[in-house]
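The values are calculated or read from the model by the stated rules, or taken from the named source; none is laboratory data. Computed from a predicted structure; not experimentally measured. Neighbour counts are summed over all protein chains in view; Cβ atoms, including those assigned to glycine, are modelled from backbone coordinates with ideal geometry.
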Amino acid sequence: MMLLRRELKIMLRSPAGAIQSLMFAVLVIALFPLAITPDPSQLEPLGVGLIWVVTLLACLLAADKSLLSDYADGSLEQMVLSDYPLWWVCLVKSIAHWVSCGLPLLLMAPLLAAMLAMPSERVVWLMASLILGSPILSLFCTLGAMLTVGLNQSSALLPILIAPFLVPTLILGTQWATTGGEAFYGYMLAALLCLSLVTLPFAMAVVAKIAVSR
Amino acid sequence: MWRWFHQWGSPKFFYHRSGALIPVLALASGLILGGGVFWGLLIAPADYQQGESVRIMYVHVPAAILAQSSYAMMAVMALISLIWRLKIADAAVQTVAPIGACITLLALATGSLWGKPMWGTFWVWDARLTSTLILFFLFAGVLALRNAAGQSQTAGRAASVLAVIGLLNLPIIKYSVDWWFTLHQPASFTLTERPAMPFSMWGPLLMMVVGFYAWFFLAWLIRLRHELVKREVRSDWVQQMMKQ
């Protein structure tokens with residue numbers, strides 16, 4: 001719990017990261033009506049997909065923020081060496097990513113939906129799909145950050161590695177929302193969340209050990 | 001069994017013993033591929049529906065089969081290198097990744113060349129096409145991570161973890177793409193089912209598949225031996241070989 005409190009404190013004291021993710025999402029969504037058409041009847045069918053893709057991109061962009069500073073000042077190494085179980089450290093990192101990126105985007109979704117003229121009953125399902133889907137995005141993004149931390153690479157590497165793994169989440173989430181809550185997709189998305197939650201922290205633990213040994 | 005495993009896990013033993021395989025594989029892949037190409041492109045009949053363009057299948061089908069199994073082989077090698085820390089398994093992962101990526105690209109390219117006359121378009125978002133495209137991205141990810149992380153041993157381990165996670169995710173990706181396609185769109189295109197292909201068609205196809213595998217193992221072995229010498233350049237056995 002100490003770890004979680006530390007992460008949340010760091011986040012609250014420098015909320016710039018979360019705000020930047022939100023600004024990114026709003027800005028990109030604002031570009032679509034400009035580029036395609038301002039006609040609500042044409043924007044409406046695109047809405048769910050656009051908001052999901054923007055959420056996914058914002059999560060990928062923010063993936064390595066907190067881990068980079070932890071890696072640079074050596075606290076990541078200390079966390080690996082500490083007697084916390086390593087999977088718990090990794091899970092906390094994912095939760096922190098979700099709170100700083102997934103949660104604000106989730107709360108912002110109704111606004112984004114309004115920009116794309118989405119009917120309100122669709123917004124409910126969009127929110128539901130994001131509630132189940134965004135934690136999966138955060139888990140995979142943290143895995144990607146662990147894989148690439150300390151490589152001094154361009155920031156495009158992480159999205160290249162991780163985006164293919166986000167395809168099932170994207171498909172199930174958008175399908176669930178656009179079909180107006182067809183139960184099959186919801187169950188599958190929930191199953192995917194459970195599966196990611198119990199497996200990915202352990203995969204991340206393996207990767208974290210590799211990362212600090214660089 | 002374990003002794004065998006240890007022996008073949010040693011770069012020196014592997015290098016010296018595997019040399020004999022190269023001419024065998026080269027001869028096999030040359031003969032089988034040559035025969036398959038001759039049989040498939042010149043002798044086999046044209047399809048009554050697809051005409052001459054069915055001949056693209058003699059390259060496309062083997063490439064698509066090989067693309068998937070080469071990813072599986074890479075991931076198994078990655079798992080071995082993670083568990084037993086065999087140097088040779090790590091080198092195998094590194095050397096098979098570019099071959100697999102090229103084969104996947106070949107499957108995509110021949111598929112879209114076939115799609116143009118048959119479907120009237122180079123690309124449709126069909127479930128199979130989409131999952132092959134994602135397979136290519138998975139290969140690209142392993143390659144990119146490997147390139148970014150350099151030659152160190154930790155770089156190899158990170159790429160291996162990624163390959164293994166990719167293998168575990170492949171069924172999830174495949175099924176989600178299937179559901180997305182089958183439930184979302186009306187079935188606009190399916191790969192034409194030919195009930196009971198005549199032998200004159202599946203004969204050359206089978207030959208091409210076997211030939212592709214032989215060529216794949218040949219290319220992998222040559223790259224792997226080259227990589228082993230590069231990695232072990234300071235060891236005694238490579239030095240001795242250089243002197244001779």
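Couple of notes before you dig in:
- Per-region count, the range A:167-181, residues more than 9 Å from chain B (Cβ to nearest Cβ) and buried (at least 22 other Cβ atoms within 10 Å of the Cβ): 3
- Qualifying residues in the range B:137-161 (those that are buried (at least 21 other Cβ atoms within 10 Å of the Cβ) and more than 7 Å from every other protein chain (Cβ to nearest Cβ)) - the one farthest from B:L106 (Cα to Cα): B:G156
- Test result for B:A28, hydrophobic (A, V, I, L, M, F, W, C), touching a Lys or Arg at 6+ places or on another chain (Cβ under 9 Å) and touching a residue at least 24 places away in the same chain (Cβ under 8 Å): no
- Qualifying residues in the range B:123-136 (those that are in a helix (DSSP H, G or I) and among the hydrophobic types (A, V, I, L, M, F, W, C)) - the one surrounded by the most Cβ atoms within 10 Å (Cβ to Cβ): B:L135
- Candidates B:A63, B:A20, B:A75 - the one that is crowded, with 20+ Cβ neighbours inside 10 Å and more than 13 Å from B:W215 (Cβ to Cβ): B:A75
- The criterion of being surrounded by fewer than 23 Cβ atoms within 10 Å (Cβ to Cβ) and either of a type in the set (A, V, I, L, M) or assigned to a helix (DSSP H, G or I) (or both) does not hold for A:I136.
Residues checked against (1) out of contact with any His (no Cβ under 9 Å at 6 or more places or on another chain); (2) over 23 Å from A:V206 (Cβ atoms); (3) of a type in the set (A, V, I, L, M, F, W, C); (4) buried (at least 18 other Cβ atoms within 10 Å of the Cβ):
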| site | (1), (2), (3), (4) |
| --- | --- |
| A:R5 | yes, yes, no, no |
| A:L12 | yes, yes, yes, no |
| A:M23 | yes, yes, yes, no |
| A:D39 | yes, yes, no, no |
| A:G47 | yes, yes, no, yes |
| A:P85 | yes, no, no, no |
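- Given (1) in contact (Cβ under 8 Å) with a residue 12 or more places away in the chain; (2) assigned to a helix (DSSP H, G or I); (3) more than 9 Å from chain A (Cβ to nearest Cβ); (4) not charged (D, E, K, R), index of the condition B:V164 fails: (3)
- A:T199 falls short on exactly one of the conditions (1) in contact with a Leu (Cβ under 9 Å, 6 or more places away or on another chain); (2) buried (at least 22 other Cβ atoms within 10 Å of the Cβ), and that condition is (2).
- Residue in the range A:119-142 that is of a type in the set (V, I, T), at pLDDT below 90 and within 16 Å of A:K65 (Cβ to Cβ) present: no
- Residues in the range A:139-151 that are assigned to a helix (DSSP H, G or I) and within 8 Å of chain B (Cβ to nearest Cβ): A:L143, A:L147, A:T148.
- Only one of B:V124, B:V93 that is more than 9 Å from chain A (Cβ to nearest Cβ) and closer than 25 Å to B:S53 by Cα: B:V124
- Selection of the range A:182-192 for residues being within 12 Å of chain B (Cβ to nearest Cβ) and part of a helix (DSSP H, G or I) yields A:F184, A:Y185, A:Y187, A:M188, A:L189, A:A191, A:L192.
- Reported count of residues in the range A:152-166, each being touching a residue at least 12 places away in the same chain (Cβ under 8 Å), within 9 Å of chain B (Cβ to nearest Cβ) and assigned to a loop (DSSP other than H, G, I, E, B), is 0.
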